[in-house]
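For reference, the structure discussed in these notes is given below.
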Amino acid sequence: MSYNMEHLVLGWAKDRGILAAGTISGQLDKLAEEHNELIDAIAADNAEEIADAIGDMQVVLIILAELMGMSAYESLCKAYGVIAQRSGKMVDGVFVKDAE
């Protein structure tokens with residue numbers, strides 16, 4: 001994720017009052033809404049709608065991270081730091097981590 005794009009999204013959110021008046025629970029609801037749109041787009045095999053839904057989810061996550069006092073990039077780096085050395089196996093198309 002480009003820092004510049006994250007900055008642009010936060011500017012958009014600030015201009016619309018989301019950062020001042022938005023809530024964590026509101027962003028979680030929005031994330032669920034966008035997730036459902038992604039499910040529908042995948043079911044319809046609509047590549048344009050899939051890309052839109054994934055992007056919308058990223059926008060919501062950027063805003064959610066900001067509302068929680070961190071950057072989306074920072075949270076991505078923390079997650080990668082945890083998973084980088086993780087071992088596991090694929091089960092029915094899903095990576096399942098080994099017990100720690």
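Descriptive notes on the structure:
Per-residue answers, yes or no, for (1) out of contact with any Lys or Arg (no Cβ under 8 Å at 6 or more places or on another chain); (2) in a loop (DSSP other than H, G, I, E, B); (3) closer than 17 Å to Asp29 by Cβ:
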{"residue": "Ala65", "(1), (2), (3)": "yes, no, yes"}
{"residue": "Met70", "(1), (2), (3)": "yes, yes, no"}
{"residue": "Val82", "(1), (2), (3)": "yes, no, no"}
{"residue": "Gln85", "(1), (2), (3)": "yes, yes, no"}
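- Residue match in the range 28-38 (condition: modelled with pLDDT under 95 and assigned to a helix (DSSP H, G or I)): no
- Test: Lys89 is in a helix (DSSP H, G or I) and of a type in the set (Lys, Arg): no
- Residue match in the range 1-23 (condition: within 13 Å of the chain's Cα centre (by Cα), in a loop (DSSP other than H, G, I, E, B) and surrounded by fewer than 15 Cβ atoms within 10 Å (Cβ to Cβ)): yes
- Taking the criterion of being open to solvent by 40 Å² or more (accessible area, probe 1.4 Å) and free of Cβ contacts under 8 Å to residues at least 24 places away in the same chain, the residues of the range 55-83 that qualify are Asp56, Gly69, Met70, Glu74, Ser75, Cys77, Lys78, Ala79, Tyr80, Gly81, Val82, Ile83.
- Residues in the range 29-51 that are within 15 Å of the chain's Cα centre (by Cα) and open to solvent by 90 Å² or more (accessible area, probe 1.4 Å): Asp29 alone.
- Here Asp56 meets each of (1) on the phi > 0 side of the Ramachandran plot; (2) assigned to a helix (DSSP H, G or I) with one exception, condition (1).
The values are calculated or read from the model by the stated rules, or taken from the named source; none is laboratory data. In this text, all values refer to a predicted model and were calculated from it rather than measured experimentally. Reconstructed Cβ throughout: ideal geometry from the backbone, glycine too, with neighbour counts over all protein chains shown. Areas reflect the complete protein model, heavy atoms only, side chains present, ligands, DNA and RNA absent. Shrake-Rupley method; radii C 1.70, N 1.55, O 1.52, S 1.80 Å.
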